[in-house]
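Structure first, then comments.
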Amino acid sequence: MLVYSYYVFFQIAAFLVALYQYPKIKGTQYKYFIPYLLFIVIYELGQLNNWFVIDHKNLWITNIAMTISSLFYSFFLLKVIRTLTFKKWIKRVVFLSILCSLIDIVFIQGFWNLDTIAILLQLGILIMITCLYFYELLNYTEETLSIIRLPAFWLNTGLLFYCLVNFLSFSAFAYMAYTGNYEYHLLYDLTANIANIILYSFLMITFICFNRITY
């Protein structure tokens, strides 16, 4: 299975880079990536080694991990977005997504199945937030900035690609994912490698290029 999960090495590398850069990021919100990435690495290794299998199913932990990831990035990006109106709407939308996800988990698709409706909603909200960041960056920045030196630029770029790839994957093959179709797992292995390699490569760049500009 590991041969189809190259992205795990990128997740581990991103965690190690974050640890190495800790002296530079400890005074900022980026320090929270260290416990978050540790959680992601443990989750992925657990998936590969069947640590979370209960009654021959491990989709429940995927639902939890996707929800935690969505909430982490949503609240993290709330600190990055400067426009108060955007912040208010993001908070409302995130709260609504939590409510809808709970409804999906409890009443529609269930806790033990892959909750594709909740996942698509979470990915869609993250796409919206990252687009708001780029809109704000293009239209409301009053100072001269070097984009390639902005940690948030690399973070949002990687996250946008990650969410778009996964959103297209889940929306196109939601039924196959929900039913546990074997062919879906092959498709997911491919898209997961692409999406995660992009995200965690950009996260490494985020930490490497980190400076005092946190916009």
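Each reported figure results from applying straightforward, stated rules to the coordinates on display, with no laboratory input. Treat the numbers as computed from the prediction; the structure is a model and nothing was measured. A quick note on method: Cβ atoms are made from the backbone with ideal geometry, for glycine too, and the neighbour counts reach across all protein chains shown.
Listing for the model above:
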quantity: Fraction in percent of alpha-carbon pairs per bin - 10 Å, the chain; calculated: 8, 33, 37, 18, 4, 0
quantity: Only Lys, Arg (+1) and Asp, Glu (-1) charged, at Cβ; the chain dipole about Cα centre in debye; calculated: 860 debye
quantity: Net charge over other residues, Cβ less than 15 angstrom from the Cβ of Met128 (K, R count +1; D, E count -1); calculated: +3
quantity: Whichever lysines have a C-alpha closer than 28 Å to that of Lys79, once near sequence neighbours (fewer than 8 apart) are set aside; calculated: Lys24, Lys26, Lys31, Lys87, Lys88, Lys91
quantity: Of the DSSP H helices in the chain, those whose Cα atoms cover at least 27 Å axially and whose Kyte score averages 1.6 or more; calculated: 116-139
